[in-house]
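Rule-based calculations on the coordinates, nothing more; no lab input. What you are looking at is a predicted structure, and each value in this text was computed from that prediction instead of being measured. Please note: Cβ atoms are built from the backbone with ideal geometry, for glycine as well, and neighbour counts cover all protein chains shown.
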Amino acid sequence: MIRTIFASIICLFMALPVLADSHKVDEGAAVPDKAVIEQIVRDYLVRNPEVIVEALQEMQRREQLAEAERSRAVIAAHMTKLDDPTGRFVAGNPDGDVTVVEFFDYRCSYCKRAFPALMEAITQDGNVRLVFKEFPILGEDSVLAARAAIAAARQDRYYDMHVALMQERGSYSLAKVLAIALDLGLDIEALRRDMDAPEVDAAISTNYELARALNITGTPGFIIGDQVVPGAISTEQMLSMIARARDARG
């Protein structure tokens, strides 16, 4: 990045004579040699190294602002898919004034640790619509668990299955997933059939596409209002971000 900034400064200095010529400031002025300009810039930066730090900070600030703006635009463009009009994959207050979307993987240890904090924040606030997005990225076990949870939604038991899978430790096998479902009182035969339904494939594929569009590459990943929040966060952080999202709505 420092090389980029240095090159930009060089380009600026090189452009000055051209700009001056274009504005007829001094038609007789000679164009400085590139090596001379580079030496001037190097000498200046050596005498004033804080300029590099300031430039780096400003570049980072601008990049963050640009990424935040891009994220807001992507979220707005995909809000219909990010939300769940069926209500099958929703927790918290279905009519909440702030929507939180979580992309997660059942084998993700960070997701499991973040789950109690997330639910505590939703409970404390009381006016948040929480939407779950299955995002199985940690292998076939993850895909299997995600299929089972999505299939459970057909029996209106998604949330129960979600909580049970989040609380489970270790890997997931078909036998383990079915045992969990049996303990919950689900129709096992229907669940096995629904796990292979095209709608389940479509739901997972849509979530992959959404995550890619939002540049979510790991789990957990949250959408809080119009912000993308990567990684696990505490109850306090979640509540603070929800409050800011609510204030932004006016």
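When Rg and the Kirkwood radius Rh are both evaluated on Cα atoms of segment 36-180, their ratio Rg/Rh stands at 1.23. Sequentially through segment 220-232, phi angles give Karplus couplings (6.51, -1.76, 1.60; θ = phi - 60°) of x, x, 10, 10, 10, x, 10, 10, 8, 10, x, x, 6 Hz, Gly and Pro residues having no value and appearing as x.
Each peptide among 146-157, 111-122 gets the average number of other Cβ atoms lying within 10 Å of its residues, and from highest to lowest they stand as 146-157, 111-122.
For a test of the definition: using alpha carbon positions, the gyration tensor, and the 1.5 limit on a/c, classify the chain as rounded, prolate or oblate. The partial results should precede the final answer.
Numbers: a/c = 3.14, a/b = 2.76, b/c = 1.14.
Prolate is the answer for the chain, as a/c is 1.5 or above and a/b outweighs b/c.
Computed on the chain, with alpha-carbon pairs under 8 angstrom and 6+ residues apart, the relative contact order is 22 percent. Couplings 3J(HN,Hα) of segment 92-97, computed from phi: x, 9, x, 10, x, 8 Hz, in residue order, whole Hz [Karplus 6.51 cos²θ - 1.76 cosθ + 1.60, θ = phi - 60°; x for Gly and Pro].
Scalar couplings 3J(HN,Hα) for segment 40-55, obtained by applying the Karplus form with A = 6.51, B = -1.76, C = 1.60 to θ = phi - 60°, are 4, 5, 4, 4, 5, 5, 5, 6, 10, x, 5, 4, 5, 4, 4, 5 Hz; x denotes Gly and Pro.
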